[in-house]
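The values are calculated or read from the model by the stated rules, or taken from the named source; none is laboratory data. Given the structure is predicted, the values throughout are model-derived calculations rather than measurements. Note: ideal-geometry Cβ built from the backbone for every residue, glycine included; neighbour counts use all protein chains shown. Heavy atoms of the whole protein, side chains included, go into the accessibility calculation; ligands, DNA and RNA do not. Shrake-Rupley method; radii C 1.70, N 1.55, O 1.52, S 1.80 Å.
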Amino acid sequence: MSNQQHKLATRLIHAGVEPDPLSGAIMTPIYQTSTYVQEAPGVHKGYEYARTQNPTRTALQNALASIENGKFGLSFGSGMAATDAVAKLLQPGDEVMVSNDLYGGTYRIFTKIFANYGIKFHFIGMQDAENIRQYVNEHTKMIWVETPTNPLLNIIDIEACGKIAKEKNLLLVVDNTFASPYLQNPLDWGADIVLHSATKYLGGHSDVVHGALIMNSAELEEKLRFIQNSCGAVPGPHDCWLVLRGIKTLHVRMQRHCENGEKIAHWLRNNPKVGKVLWCGFEDHPNHAIAAKQMRGFGGMISFTLKDDNLDAAMEVLKKTELFSLAESLGGVESLIGHPASMTHGSIPREERIANGLADSLIRLSVGIEDVDDLIADLDAAIG
Ligand SMILES: Cc1ncc(COP(=O)(O)O)c(C=O)c1O
């Protein structure tokens, strides 16, 4: 069994899991059951009904808490289900500060679902965290940060946001999907809740949709667990098992994602057909110093524009790659290529998208862990 004194690589493999008490199986069994037999009413082994608890889920939740340096973990049926649960902490009339460059589905749930329940969302630039202050009023309850952001790879200073949150008595939520716990642990910098689309790097193999929340406060955990049990956005045990298995290789995968990402970012920068390359590892990235402070590496997510900045030019590149598959999602072992304007961020109106720097030709890469020379050759053939 692992403890918090162990280094991350050890915790990724051992945290939360113990040999199965029945057989000694080293891998946590998939408890595919909907209910648990009780000896007498209320006399049971801690498990009553599988919406509320499941042993495979418990193992994963403990692992998630450990690798994010938190006390509690909660697993959800998807990243959006986790977002939904956090938003349900709010009441009509409450206001939330949200980073203005973020996953399109998060923008959609806030503007199309929760805005209808009287919650107000302010989408603001947070690259300078001090900008948040001018929007805070007596109704503000939460700061919602994604860093690095999707898809512009902006960096937001979690520590600075944490200070403002503490001072103003707000909850700070950080979506850590892009960095993964291998590169960044937001709770250490003052976040109250860390969110993951575990569909991405945690699962790591593009074979599961899953979400997670990690926190230190027992009060918050109780509220979120109550919301989850009441609303029912729970994951199946097989999906929990897949994420648990994915986590065991997170460090090895992320190391390679970072190495490949660095080489491809530099290669793109030297390509005359490429416009801007967005990658937080460049020393001239506007918030590189903050990335270097709060992250242990710069990851494999890269976005770039074409010199010929239009939709048709982007479509040509997207059609031509072979190893980079055209697909939504990210964080798997295989490389993916995407076009935010028409795919992940299609739900954001064009004027708003362009105003936020999300150009028509912007292409996003999720650099996988294949041989980097093959990946570069694939991009070379497509960009021409
Ligand atoms: C940064 C980020 N947060 C949240 C989500 C939503 O997660 P899911 O697709 O698992 O519901 C995504 C999905 O792409 C994402 O990229």
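Taking the charge dipole of the chain about its Cα centre, with +1 at Lys and Arg Cβ atoms and -1 at Asp and Glu Cβ atoms, the residue from Ile247, Pro19, Pro148 reaching farthest to the positive side is Pro19.
Please give the FRET efficiency for Arg269 paired with Ile13, using the beta carbon to beta carbon distance and R0 = 35 Å, rounded to the nearest 0.05. Present the calculation step by step, with values, prior to reporting the outcome.
Working: r = 36 Å, r/R0 = 1.03.
For Arg269 and Ile13, the calculated efficiency is 0.45.
Report the GluC sites (Glu not before Pro) located in segment 253-284 that are in a DSSP loop and have at most 11 other Cβ atoms inside 10 Å of their Cβ, or state none.
Here the sparse-neighbourhood loop sites are Glu283.
Work from the charge dipole of segment 107-236 (Cβ charges, +1 for Lys and Arg, -1 for Asp and Glu, about the Cα centre) and give the residue of Ile164, Asn229, Val174 farthest towards its positive end. Of the candidates, Asn229 comes out farthest on the positive side.
Anything over 27 Å Cα to Cα? Flag those among Lys293/Lys320; Lys88/Lys276; Lys7/Lys293; Lys166/Lys276; Lys71/Lys166, in the order listed.
Values: Lys293/Lys320 37 Å; Lys88/Lys276 38 Å; Lys7/Lys293 19 Å; Lys166/Lys276 36 Å; Lys71/Lys166 19 Å.
Cα-Cα > 27 Å for Lys293/Lys320; Lys88/Lys276; Lys166/Lys276; rest within.
Each Lys and Arg adds +1 at its Cβ and each Asp and Glu adds -1 at its Cβ; summed about the Cα centre, segment 97-152 shows a dipole of about 280 debye.
Which values of log₁₀ I(q)/I(0), to two decimal places, follow from the Debye formula for the chain at q = 0.14 Å⁻¹ with a uniform point scatterer at every Cα? These q points yield log10 I(q)/I(0) values of -1.21. Of Ala63, Ala87, His139, which is farthest along the charge dipole of segment 42-143 in the positive direction, counting Lys and Arg as +1 and Asp and Glu as -1 at C-beta? Working it through, the farthest residue towards the positive pole turns out to be Ala63. Using only side-chain charges placed at the Cβ, +1 for Lys and Arg and -1 for Asp and Glu, the dipole size of the chain relative to its Cα centre rounds to 600 debye. Annotation note: GluC sites (Glu not before Pro) in segment 114-195 located in DSSP loop regions with a Cβ neighbour count of at most 13 within 10 Å are Glu138.
Show me the trypsin sites (Lys or Arg not before Pro) within segment 286-384 that DSSP assigns to loop and that have at most 12 other Cβ atoms within 10 Å of their Cβ. Please report the intermediate quantities before stating the final value.
Working: sites: Lys293, Arg296, Lys307, Lys319, Lys320, Arg350, Arg353, Arg364; in loops: Arg296, Lys307.
Passing sites in segment 286-384 are Lys307.
Of all beta bridges that DSSP places with both ends in the chain, some 55 percent have antiparallel geometry. Using just its DSSP H runs of length 4 or more, each adding -39500 (n - 2.57), the chain gives a mean residue ellipticity at 222 nm of -10000 deg cm²/dmol after division by all residues. Note that the chain presents 43 Å² accessible area per residue, ligands and nucleic acids not counted, probe 1.4 Å.
Using the Cα gyration tensor of segment 1-98, with a ≥ b ≥ c the square roots of its eigenvalues, what is the shape: rounded (a/c below 1.5), prolate (a/b larger than b/c) or oblate (neither)?
Details: a/c = 2.57, a/b = 1.25, b/c = 2.06.
Oblate is the answer for segment 1-98, as a/c is 1.5 or above yet b/c matches or exceeds a/b.
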